[in-house]
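FYI, it's all coordinate maths here, none of it is from the lab. Remember, predicted model here, so these are calculated numbers, not experimental data. Cβ atoms come from the backbone with ideal geometry, glycine included; neighbour counts cover every protein chain shown.
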Amino acid sequence: RVGQGVDGDVESHLGISTSGGSSWWAGQEPAGVTGAGTVAVAADGGRIVWSPAGTGVHVSTTLGSGWTASTGIPAGARVESDRVNPQVFYGYAGGTFYRSTDGGASFTASDATGLPADGNVRFAAVPGHEGDVWLAGGATDKTYGMWRSTDEGATFTRVAAVDEGDAVGFGKAAPGNSYPAVYT
């Protein structure tokens, strides 16, 4: 988890648990961290990719006790992990989707176009479905809606039935279906 601390007292912007949340410890921080940002843990728990405020995206293979700067992705990008492949991480910033296939060490910008560059944009990878990513958000006076990729973000298809969506999440599949319910 990432956070701002309790009552303004910040020991660490990153908390890590390997006990299902019953206990936590403060992770180390790369130089320059000023805020929580977003964090993603690999599908197998072996890597953490963190995009904190104040510095660029970093990856840890030591449960947050050491960090290496990621390349190819801008500071402030939102990050998520693929829910099946532990080597795949995703990022998003300014209308560009990014993908890492080397565990978060380096990212490559997708050629996908038509995604929102402004506003509140969130995305999430589907549990149990490798490379399946949904993205929602935008700005009311610009690009706004919901998109889906089934190829790790190489391409996205707009969901025509959704004009505005600010978040995306998944739930239990409907009876007789194997694909999770999608919420926005």
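Judged by the ratio a/c of the largest to the smallest principal axis of the C-alpha gyration tensor, the range 39-184 counts as oblate, that ratio being 1.5 or greater while a/b is no larger than b/c. Given +1 at the Cβ of Lys and Arg, -1 at the Cβ of Asp and Glu and no other charges, the dipole of the chain around its Cα centre is 200 debye to the nearest 20. Between the listed residues THR101, SER51, PHE123, the Cα displaced farthest toward the positive end of the dipole of the range 36-184, a dipole computed from Cβ unit charges relative to the Cα centre, is found at SER51.
Dipole size of the range 22-116 about its Cα centre, with +1 on Lys/Arg Cβ and -1 on Asp/Glu Cβ: approximately 80 debye, rounded to the nearest 20. Once C-alpha pairs closer than 8 Å and six or more residues apart are averaged by separation and normalised to the residue number of the chain, the relative contact order reads 12 percent.
Averaging Cα coordinates gives a centre for the range 126-184 and one for the range 65-90; these two points are 20 Å apart. Counting Lys and Arg as +1 and Asp and Glu as -1, what is the net charge of the other residues whose Cβ lies under 15 Å from the Cβ of ARG122? Net of charged neighbours comes to -2. Compared with the alpha-carbon gap, the fully stretched path from THR113 to ARG158 is longer by 15.1 nm at 0.36 nm per residue. Exposed loop sites, defined as trypsin sites (Lys or Arg not before Pro) outside DSSP H, G, I, E and B with at most 13 other Cβ atoms within 10 Å, are absent from the longest region of the chain, namely 2-141.
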